[in-house]
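Okay, so here's the structure we're looking at.
Each value in this text was obtained by applying a stated rule to the coordinates, not by laboratory testing. The model shown is predicted, which means the values in this text are computed figures rather than measured ones. Because the Cβ atoms are built from the backbone with ideal geometry, glycine has one as well, and the counts that use them run over all protein chains shown.
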Amino acid sequence: MTRGHRPRVPRLSSEPDEEYIVSTTNTAAANRAADVITEPRVSKNRRTIKSYYPRSFFIPTIVLYVVFFAIPSVASFYFSLTRWSLFDSHFIGFGNFVEFFQNPQLYTSFIHTLLYGVITSGAKVLIGFFLAVLLTGPVIGRGYLRAVVFFPVLVSTIGVGIMYKSLLDPFHGMVNAVLRFFGLPQPGWFTDPHLAIYTIAAVDIWKGVGIATLIFMAGIVAIPREYFEAARIDGAGAWRILREITIPLSRGATATVIILSLIGGLRSFDIIWATTGGGPGFTSDVIASVIYKEYQAGFYGLSAAGNVVLFLVVTVIMVPLTYVLNRKQVQL
Amino acid sequence: MFSRRTTSRVVAALGCVALLGAALAACSSSANSSSGPTTISLMAGGNDPAATKFANDIAHAFHKANPTITVKVDTRPGGTDGDNLVKTRLSTGTMDDVFLYNTGSLFQALHPDQTLQPLTDQPWVKDLTSDFKKTVSTSNGLYGAPNGSTFDGGIMYNKKVYARLGLSVPTTWAQFISNSQKIKAAGIIPVLASYGDTWTSQLFVLADFANVSAQDPNWATNYTHDKAKYVNPPALAGFTHTEQIFDMGLMNKDYASLTNVNALKELATGQAAQYPMITVVISNVVQSNPSQVNDIGYFAMPPDSGDAHATVWEAGGAYIPKSTTGAKLDAAKKLVAFINSPTGCDIQKSSGGVPSGPFAISTCTVPSNAPALVADEAKYQADGKTGLALEFLSPIKGPNLEKILVQVGSGITKAAAGAVLYDNDVKAEAQQLGLPGW
């Protein structure tokens with residue numbers, strides 16, 4: 001596709017065409033950028049390509065990787081089989097795993113983890129997609145709106161947590177003060193045991209939707225303009241174009257957003273810890289926060305076992321999902 | 001002339017060297033054992049203003065008294081993060097030469113026989129109370145000096161509210177409930193709960209322990225040996241009391257988000273009448289409401305039956321790790337002794353927070369201007385109606401007690417179910433400690 005042959009579309013915005021494009025003007029490159037996570041396995045003949053650099057250039061990376069990733073990973077698998085006090089460790093076989101699965105909070109925290117992952121991931125896909133459609137279309141103040149949507153991503157999660165904790169304080173928070181002014185009910189956002197996990201999910205969505213929007217925007221911008229033109233000439237309305245062109249052709253971006261946000265949601269910890277600490281009681285605990293509390297309590301072997309379990313759970317969910325999403329993409 | 005490629009190679013090589021250098025520098029320890037001036041380090045008992053100021057003041061005064069020894073102060077986080085830091089530093093041999101830390105069960109979790117320098121032969125040991133000696137000792141020796149005063153757990157109450165409503169200090173749980181209902185009828189918050197700081201949920205259970213001990217003196221030993229459980233009376237009372245206060249609507253409305261410091265302000269100003277607490281927090285009232293400190297009194301947790309006994313928490317400890325040796329060890333021992341010298345005692349009283357009970361060493365005495373509730377505590381001492389908190393009688397304290405009690409105290413679970421959860425939690429901790437019979 002070459003630029004310049006594109007027919008002009010009447011738009012409200014006075015910005016030049018190029019402003020549409022988020023990261024690249026090249027369709028193929030944009031697709032690659034959006035698909036980088038979901039890219040199908042590299043074909044075997046790629047491996048035979050001769051490297052341009054001497055092997056010695058890899059040494060720093062390998063040393064760092066082995067010291068900070070490989071050795072700790074193997075060690076954590078070992079320590080998950082021990083009762084470990086940092087001072088000494090006794091090998092106890094699968095005792096930690098038995099104990100971890102007997103933890104009375106495990107079942108509820110597991111349900112919370114799935115609920116949290118699905119809610120945040122689903123909302124990020126939906127909201128992110130429609131924001132992306134809006135922000136790639138002709139709206140006034142588009143640059144400003146794009147910045148507003150993306151800014152929460154740049155803020156520290158702990159900072160976001162503390163901010164929302166004070167905004168949503170049931171008695172002194174700004175949100176409930178406004179609700180009180182209008183005579184509306186003032187829920188205990190983070191303190192009501194039935195509400196806490198959903199409030200945290202909402203904060204997570206607010207913070208994370210910017211990334212989803214960015215990926216969708218890259219995907220939508222990469223769709224060749226000719227398709228839209230052709231559809232419009234054939235008399236398709238906005239809704240039809242959205243359904244028949246935009247949604248199917250941004251499937252790569254959708255897969256990326258689903259996978260990234262679901263992994264993020266399943267192992268989510270920081271925002272939960274900064275807002276409720278898993279409370280009140282254990283009502284907003286997820287697997288990651290249960291593991292952290294076991295570490296805090298000095299049950300180092302048990303928390304290592306919990307991490308192994310979390311690793312397996314995320315793998316079991318994500319590997320088939322990635323496979324399915326990728327296959328659909330290939331079928332397009 | 002350098003080609004561009006050569007330059008970038010040189011830059012890359014320099015970058016690698018710098019990275020490696022930084023990594024190595026972080027590993028190497030400063031092991032200078034030269035004679036003459038010595039520098040030792042002191043780890044404060046937390047990173048809050050009071051703990052930091054105390055450590056700095058002690059370090060400064062000690063250097064004045066011993067000009068050849070310089071003390072460098074480190075801080076650490078409080079709570080469970082602090083526990084992990086202390087354990088990690090001890091197990092890697094990188095602990096400060098003197099560190100301030102809890103006594104009792106948290107001290108036992110440090111594996112003192114393997115990690116700490118015994119201080120049994122120090123001259124100040126003879127001045128310690130026998131209760132304190134138990135909380136810093138294993139069967140092999142004594143490892144710590146006291147830091148700060150002892151304090152009691154029970155109910156802190158507003159004396160002016162009590163006087164205005166004509167109430168008297170309750171000695172049984174039934175009287176406590178009837179007092180609370182009268183307070184509620186007068187439009188004042190009867191019992192404060194501050195689950196915004198989850199640790200504060202534990203007091204109905206922890207501060208009831210002197211009453212448990214009074215009914216069954218062997219309870220703590222049986223508990224350590226997997227024979228006494230929280231699901232059974234008398235220990236269950238703490239859980240049912242927590243539940244009852246919620247069920248009867250005797251708590252403040254903002255119980256789920258209120259913090260400890262704000263709850264103390266409400267108690268001091270008389271917006272609320274009673275607060276299950278440990279008296280050590282009176283230091284915060286001295287900061288926030290100095291003119292109302294003496295409006296706050298103390299009474300022991302009222303039991304269902306029998307006399308009320310005050311539950312006593314021992315002072316914190318000052319310890320020296322095994323990794324400190326030679327000239328540094330001598331200097332560290334001097335510093336530990338200095339904390340309880342006359343100058344050290346004065347610093348404990350001025351910058352370490354106000355005394356909230358008697359000291360654990362005879363060389364430090366409670367000043368006459370101590371807060372009013374110290375006198376209330378002294379009455380229980382004089383009558384012999386005191387008992388140590390469970391954490392000083394048994395090495396096992398389940399890590400999830402505060403969360404479980406938040407659930408019981410917020411009506412999420414029932415008292416009996418909470419006690420079952422906690423017994424499981426205790427079992428996990430006992431197994432982690434490697435205690436026999438679990």
Cβ-Cβ FRET estimate between A:His172 and A:Arg232, R0 fixed at 35 Å, reported to 0.05: 0.05
Per-selection Kirkwood Rh - the protein assembly as shown (Cα, Å, 1 d.p.): 30.2 Å
In nanometres, what is the gap between the two model label sites at A:Ile158 and B:Ala416, each 7 Å from Cα along Cα-to-Cβ? 4.4 nm
Work from the charge dipole of chain B (Cβ charges, +1 for Lys and Arg, -1 for Asp and Glu, about the Cα centre) and give the residue of B:Asn340, B:Tyr275, B:Ser351 farthest towards its positive end. B:Ser351
Take peptides B:409-421, B:285-297 and line them up by average Cβ neighbours within 10 Å, highest first, as a rough protection proxy. B:409-421, B:285-297
Given a Förster distance of 41 Å, the FRET efficiency implied by the Cβ-Cβ spacing of B:Thr221 and B:Ser168, rounded to the nearest 0.05, works out to 0.70
What's the lysine pair count for region B:166-305 at a Cα cut-off below 21 Å, pairs eight or more apart or interchain? 4
Simple spin-label estimate for B:Leu435 and A:Tyr198 in nanometres, 7 Å along Cα-Cβ: 4.2 nm
Can you figure out the FRET efficiency of B:Lys126 with A:Ile92, using R₀ = 45 Å and their beta-carbon distance, to the nearest 0.05? 0.55
Per residue of B:254-265, count partner chain C-beta atoms within 10 Å of its C-beta, then hand back the mean as an integer. 3
Sort B:90-100, B:200-210 by the packing proxy (mean of other Cβ within 10 Å over each peptide's residues), most packed first. B:200-210, B:90-100
In deg cm²/dmol and to the nearest 500, what is the mean residue ellipticity at 222 nm of chain B if only DSSP H runs of at least 4 residues count, each as -39500 (n - 2.57), divided by the residue total? -13000 deg cm²/dmol
Which aspartates and glutamates, on any chain, are close to B:Lys133 with Cα under 17 Å apart, when same-chain ones fewer than 8 places away are left out? B:Asp113, B:Asp121, B:Glu314, B:Glu391
Starting with the highest mean, order B:157-170, B:317-330 by the number of other Cβ atoms within 10 Å, averaged over the residues of each peptide. B:317-330, B:157-170
Averaged across the residues of A:275-284, what count of C-beta atoms belonging to other chains lies within 10 Å of each residue's C-beta? 6
Roughly how crowded by other chains is peptide A:296-303, in terms of the mean Cβ count from those chains within 10 Å of each of its Cβ atoms? 5
Charge sum, other residues only, whose C-beta stays under 15 Å from B:Tyr319's C-beta, Lys/Arg counted +1 and Asp/Glu -1: +2
How far apart, in nm, are two points set 7 Å out from the Cα along the Cα-to-Cβ line at A:Met318 and at B:Thr70? 4.9 nm
